[in-house]
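Reading through the structure tokens given below for one structure.
The values are calculated or read from the model by the stated rules, or taken from the named source; none is laboratory data. Not measured: the values here are computed from a predicted model. Note: ideal-geometry Cβ built from the backbone for every residue, glycine included; neighbour counts use all protein chains shown. Surface areas here come from the heavy atoms of the whole protein model, side chains and all, with no ligands, DNA or RNA. Shrake-Rupley method; radii C 1.70, N 1.55, O 1.52, S 1.80 Å.
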Amino acid sequence: MRLNLIILFFILACGPVWAQKWQPGNFTDVKGNRTVGMVRVNPGGKGPIKDEGFIEFRDDPKANPYKLSASDLRSFVVGKDSFVVAHAPQNESWNKEETDFVQVVLDAPLKLYMAKGGTGSGGSSVHFSPGVSAGYGSGGYGGGLGGGVGISLGGGGGGGGGKSGKTVYYYGESTAEMKRLTDENFEDIMIEIMGDEEQVVDNIKEHKFNLRSMDKLLDYYNKMAASHGAAPQPPKGGAF
């Protein structure tokens, strides 16, 4: 019992450190220049610009890190995950940062973006856990661990989340046009995004998936696409 308690304490103590570690990645600045190095998306302290999300970057493991505010960037990549700069959509408010990052979940003509609600850390509202599934979890909205970014989401119309700690999905041809994915528009929007996979579309129409099982739907879609070599890849920088 004592050993189990010690292990549990170690996991809880090291969890935040693991989540904030440096990862290989790159960023694309507002002029379109791409720089490769190391990225940390949960930095401490204040950001360069008030009310903006930010990341830390270093050119190599031994270089001094520097902070990059959202308005300095078009996008950044950490491992296999891509993030783009976004503003709170119309009729919504992001409590902490009105300019922040959202994860590109599916890079289709009509793109799917994700933000995971959180309280922010050290002036940044971005929360990223490498390798953790992007989805709602078995407990409903925000019921499980989620990968990607986290925005301190404020009020706003639409179902499917919106409060701190909940995963929220958006859709749009670009972040400038993105809108909230809700229970009401889920079927129409996901059929349009995943329309290249007929079997997936049929399952959506048969109501086998909904907003609360988005992680399962994404896994299913990617597996189907990969089975014939058509799995979509998130963008590696640029304006989306």
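Residue-level check: of (1) modelled with pLDDT of 55 or more; (2) touching a Ser or Thr at 6+ places or on another chain (Cβ under 6 Å); (3) of a type in the set (Gly, Ala, Ser); (4) open to solvent by 30 Å² or more (accessible area, probe 1.4 Å), Gly117 misses just (4). For segment 85-109, the candidate set comprises residues that are among the acidic types (Asp, Glu) and at pLDDT below 90; within that set, the residue that is nearest to the chain's Cα centre (by Cα) is Asp100.
None of Tyr171, Tyr220 is modelled with pLDDT of 95 or more, open to solvent by 10 Å² or more (accessible area, probe 1.4 Å) and within 16 Å of the chain's Cα centre (by Cα) except Tyr171.
How about segment 181-206: which of its residues are in a loop (DSSP other than H, G, I, E, B) and either of a type in the set (Ser, Thr, Tyr) or open to solvent by less than 20 Å² (accessible area, probe 1.4 Å) (or both)? Walk me through it before giving the result.
Restricting attention to segment 181-206, the residues satisfying the condition of being in a loop (DSSP other than H, G, I, E, B) are 181-185, 194-197, 206.
Leu181, Thr182, Met194, Glu197 - these are the residues of segment 181-206 that are in a loop (DSSP other than H, G, I, E, B) and either of a type in the set (Ser, Thr, Tyr) or open to solvent by less than 20 Å² (accessible area, probe 1.4 Å) (or both).
Looking at segment 6-21, is at least one residue modelled with pLDDT of 90 or more, hydrophobic (A, V, I, L, M, F, W, C) and within 21 Å of the chain's Cα centre (by Cα)?
In the first step, residues of segment 6-21 are kept if they are modelled with pLDDT of 90 or more; the result is none.
Checked against the condition, which is being modelled with pLDDT of 90 or more, hydrophobic (A, V, I, L, M, F, W, C) and within 21 Å of the chain's Cα centre (by Cα), segment 6-21 yields no hits at all.
Would you be able to say whether some residue in segment 64-72 is crowded, with 20+ Cβ neighbours inside 10 Å, charged (D, E, K, R), part of a strand (DSSP E or B) and modelled with pLDDT of 80 or more? Scanning segment 64-72, I find no residue that is crowded, with 20+ Cβ neighbours inside 10 Å, charged (D, E, K, R), part of a strand (DSSP E or B) and modelled with pLDDT of 80 or more, so the answer is no. Residue check: Ser82 meets all listed conditions (1) open to solvent by 10 Å² or more (accessible area, probe 1.4 Å); (2) modelled with pLDDT of 90 or more; (3) of a type in the set (Ser, Thr, Tyr) but one, namely (1).
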